[in-house]
Each structure stands twice: as structure tokens, then as C-alpha cells.
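First the structure, in the form of C-alpha cells, and then the observations on it.
The values are calculated or read from the model by the stated rules, or taken from the named source; none is laboratory data. These numbers come from a predicted model, not from an experiment. Neighbour counts run over all protein chains shown; Cβ positions are idealised from the backbone, glycine included. What goes into the accessible areas is simple: the full protein's heavy atoms, side chains included, and nothing from ligands, DNA or RNA. Shrake-Rupley method; radii C 1.70, N 1.55, O 1.52, S 1.80 Å.
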Amino acid sequence: MIDILLATYNGEKYISQQIDSILNQEFTDFNLIICDDQSTDQTVQIIKEYMQKDSRISLYINESNLGYNQNFMKLIQLSDAPFFSIADQD
């Protein structure tokens, strides 16, 4: 099992393409863990729509904006898989 860690912030322009790319990989034994850093656009809504279609996706929303590096550090802490991969939102 692998966790794919995706940090998001105001990524509505590319987030669908990125999630589609991840979900359409040949390897399917993974969880996609997304941590949003207080987006003010439609990023979270788009992710929630994907969550309804695919149970491998989980979403965490930060209580305050942590910034890029700390958002990825939080994702690493959320992962309990023996391996993980980091993905940008675009």
C-alpha cells in the first residue's frame, strides 16, 4: 500500500486534471490523502465530488493556512503507509 500525499491551496484550475491523472494510473493499490490549506476558491468542492466517486480519497482541511511546507509535513504525519509519494496540485 502506498499513500499519495497531495497538498492543495486555491488549485481549482488544475486539481481535476491532477486527481484524474493520479486515479488513472495502472497501479491502483494506493490511498490519495489530500490536505487543503484553507482554499478560498472551489478546490474543496471539487475534491469532495471526487470523494463521492472513489473511496481511496480522503480530505483534511487545515484550521488555518499553514503554508506549502507545513502542509506537506502535516500530510506526512497523516500517512501510515510504509511508502508515500508527494504530489503537487498542478
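Right, T40: out of contact with any strand residue (DSSP E or B) (no Cβ under 7 Å at 6 or more places or on another chain) and closer than 13 Å to I61 by Cα or not?
Values: out of contact with any strand residue (DSSP E or B) (no Cβ under 7 Å at 6 or more places or on another chain): yes; closer than 13 Å to I61 by Cα: yes.
In short, yes.
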Can you work out which of the residues in segment 51-90 that are closer than 23 Å to T40 by Cα and of a type in the set (F, W, Y) is surrounded by the most Cβ atoms within 10 Å (Cβ to Cβ)?
-> F72
Mind counting the residues in segment 15-32 that are closer than 18 Å to N71 by Cβ and open to solvent by less than 30 Å² (accessible area, probe 1.4 Å)?
-> 4
Go through (1) within 10 Å of the chain's Cα centre (by Cα); (2) among the hydrophobic types (A, V, I, L, M, F, W, C); (3) open to solvent by 70 Å² or more (accessible area, probe 1.4 Å) and name the single condition C35 misses.
-> (3)
